[in-house]
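*Asks:* The structure that follows is given in the form of structure tokens.
The values are calculated or read from the model by the stated rules, or taken from the named source; none is laboratory data. These figures come from a predicted structure and were not determined experimentally. Reconstructed Cβ throughout: ideal geometry from the backbone, glycine too, with neighbour counts over all protein chains shown. Each accessible area value is taken on the protein alone, full model and side chains, heavy atoms only, with ligands, DNA and RNA left out. Shrake-Rupley method; radii C 1.70, N 1.55, O 1.52, S 1.80 Å.
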Amino acid sequence: MNRRIACGVGSAGVDWQQRADVVVIGTGVAGLAAALAAHRKGSRTVVLSKAPDTATFYAQGGIAVVLPHTDDSVAAHVEDTLAAGAGLCDPDAVQSIVADGYRAVADLVDDGARFDESAPGQWALTREGGHSRRRIIHAGGDATGAEVQRALDHAAATLDIRRNHVALQVLHDGSAVTGVLVRNADGLGIVHAPSVVLATGGLGHLYRATTNPEGSTGDGIALALWAGVGVTDIEFVQFHPTMLFDREGAGRRPLITEALRGEGAVLRDARGEPMTTHHPMGDLAPRDVVAAAIEARLRQSGDECVFLDARSIALLVQRFPTVTAACRAAGIDPTREPIPVVPGAHYSCGGVATDVYGRTDLPGLFAAGEVARTGMHGANRLASNSLLEGLVVGARAGLTAVEHSHTAGAPMAKVEERQHTALDRRVLQAAMTEDASVVRDAAGLQRLSDTLADATPRSMTTRAAAEDVALTVTARAVAAAALARNESRGCHHRGDYPDSDPAQAFSRTLHGDHAEACLR
Ligand code: SIN
């Protein structure tokens, strides 16, 4: 099957056109790391951004990094990452990214980022689930992402960043990228470019409630699938064990950082009983284990939430100002009462298939950050490995994109005609929440697939419409991949197949927007 057919119809009907060497889609850690790297190599770099906020901004816990002159080692960080990834990490990718972490963080410091110190000149280190050591640097207590975003925004202030630009299609000629089709306030446009970096973030808004910002609608997954590029491990949607509970809560919900448990907070059910993780790390087990334990307790008890008791943490308010503010806004005082929490859709461990330089198998198309699957996270991402991966692979993707644009010349992109369908967003989110959350089974996933098949034609004339189309494509991919994995592994728990099956310890790559017909 030829998965990559370009049916160019020229540029008739577009309202504006321009040219760049590298186009980066997204302004979180991976996008800005890529854009800065490309810009500093002298490339004409255009950055497209559809939304004001990024998942990076909301990251709380920190950046997992091995510091020199400590008792930590790259080997230990790699080992913890592989253990969390439940057999599906690519060990070479993990080694490559972890080993480059300290250098990438040093570059970020050169760009102005400041991390919390335990003594002058010594970064404070915390722990999160699945880490055998204290190796997580943080900023502003629990506002690490905000500091990373601030530093990168400042460094990127002179870059050509186009706000309110929605990428609709990666254009290509069948063998290489030629540009991007974009919608902005002036209408439809083409940015002609030989290199495009997808840094569009995640897909949390497949679900009714998520820790992700409003723009996390699976856009990059859809763009890659339409361009004929595969998506790997997409069934592994990570649910963070502790999202602030609110019965009516929908859309973006506050994260209650895992670093609280690293500093001594404990999980209890409504009767004060501890969670049963069956893991030597207890409440600090990798988050797939903790989320599953909470889910099991909620099903067994019929309760709506469990509780995180952080009252024993000294200087709670000073160390965790973001969490404290979120709790207080919800009428909860975490210094006096346990915090009600539930697992919440948090991170896509799978994504667009790339190598550790962000290269996909379509020349000129790169992906980095949450949208990409490098092999770093496997079936379950280790906490605070995502900012690390975004920094390392983002910068590498930017540099590699520049190299590609030097050899590829100046293509003329043609718009590719394509019909789209979408499901009503509320219907899609309800179906995903019901049937593709922490625990799934074949009957539910089949019901979900049937619901997703009811999508109706939709033109991508607004940002919301484009997002609905992307959500529908991405939901189909998640449903198809989850249905195909007849076992439990990492953050994919099948109620009908509760055990891992060594014969299924492999990654699966999907192609095509009708993913259910395209399983390899
Ligand atoms: C957290 O602070 O618990 C989240 C960190 C992460 O998602 O890596």
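*Asks:* Could you give the radius of gyration (one decimal) and Dmax (whole number) of the Cα atoms in the chain, in Å?
*Replies:* According to the Cα coordinates of the chain, Rg and Dmax are 21.6, 66 Å.
*Asks:* A further question on this structure: Which trypsin sites (Lys or Arg not before Pro) in region 147-209 pass both tests, a DSSP loop state and at most 10 other beta-carbon atoms within 10 Å?
*Replies:* Passing both the DSSP loop test and the Cβ count: no residue.
*Asks:* Same structure, new question: Which value at 222 nm does the chain reach when only helices count, each DSSP H run of 4 or more adding -39,500 (n - 2.57), with the total divided by all residues and rounded to the nearest 500 deg cm²/dmol?
*Replies:* Calculated from helices alone, the mean residue ellipticity at 222 nm is -9500 deg cm²/dmol.
*Asks:* Which percent of the accessible heavy-atom area of region 1-116 goes to carbon and sulfur, probe 1.4 angstrom?
*Replies:* The value for region 1-116 is 52 percent carbon and sulfur by accessible area.
*Asks:* Output the direction-averaged projected area (hull surface divided by four) of the convex hull of the alpha-carbon atoms of region 406-468, in nm².
*Replies:* 7.4
*Asks:* Quick check: convex hull over the Cα atoms of region 267-403, volume per residue in Å³, rounded to an integer?
*Replies:* 148
*Asks:* Leaving out ligands and nucleic acids, and using a 1.4 Å probe, what accessible area per residue does the chain come to in Å²?
*Replies:* About 36 Å² of surface per residue is accessible.
*Asks:* Another question, if that's okay. Within region 200-334, what whole-number % of the accessible surface is contributed by carbon and sulfur, with the 1.4 Å probe and all protein chains included in the calculation?
*Replies:* Of all accessible area on region 200-334, carbon and sulfur atoms account for 51 percent.
*Asks:* To test your reading of the geometry: what angle, between 0 and 90 degrees and rounded to tens, separates the Cα axis of helix 386-408 from the longest principal axis of the chain?
*Replies:* Taking Cα atoms only, the helix is inclined about 10 degrees.
*Asks:* Moving on to the next point. In region 377-417, what percent of the accessible surface is made up of carbon and sulfur (1.4 Å probe, ligands and nucleic acids excluded)?
*Replies:* Percent of accessible area from carbon and sulfur atoms in region 377-417: 54.
*Asks:* Output the antiparallel fraction of DSSP beta bridges having both residues in the chain, as a percent to the nearest 5.
*Replies:* 65
*Asks:* Now a separate question. Tell me the chymotrypsin sites (Phe, Trp or Tyr not before Pro) within region 173-262 that lie in a loop according to DSSP and have at most 14 other beta-carbon atoms within 10 Å.
*Replies:* none
*Asks:* Taking a point 7 angstrom from the Cα of Arg271 along the C-beta vector, which residues in region 290-321 have backbone N less than 11 Å away?
*Replies:* From region 290-321, the list is 301-302.
*Asks:* Could you pull out the longest piece of the chain with no exposed loop GluC sites (Glu not before Pro) in it, calling a site exposed if DSSP puts it outside H, G, I, E, B and it has at most 10 other Cβ atoms within 10 Å?
*Replies:* The reported range is 1-247.
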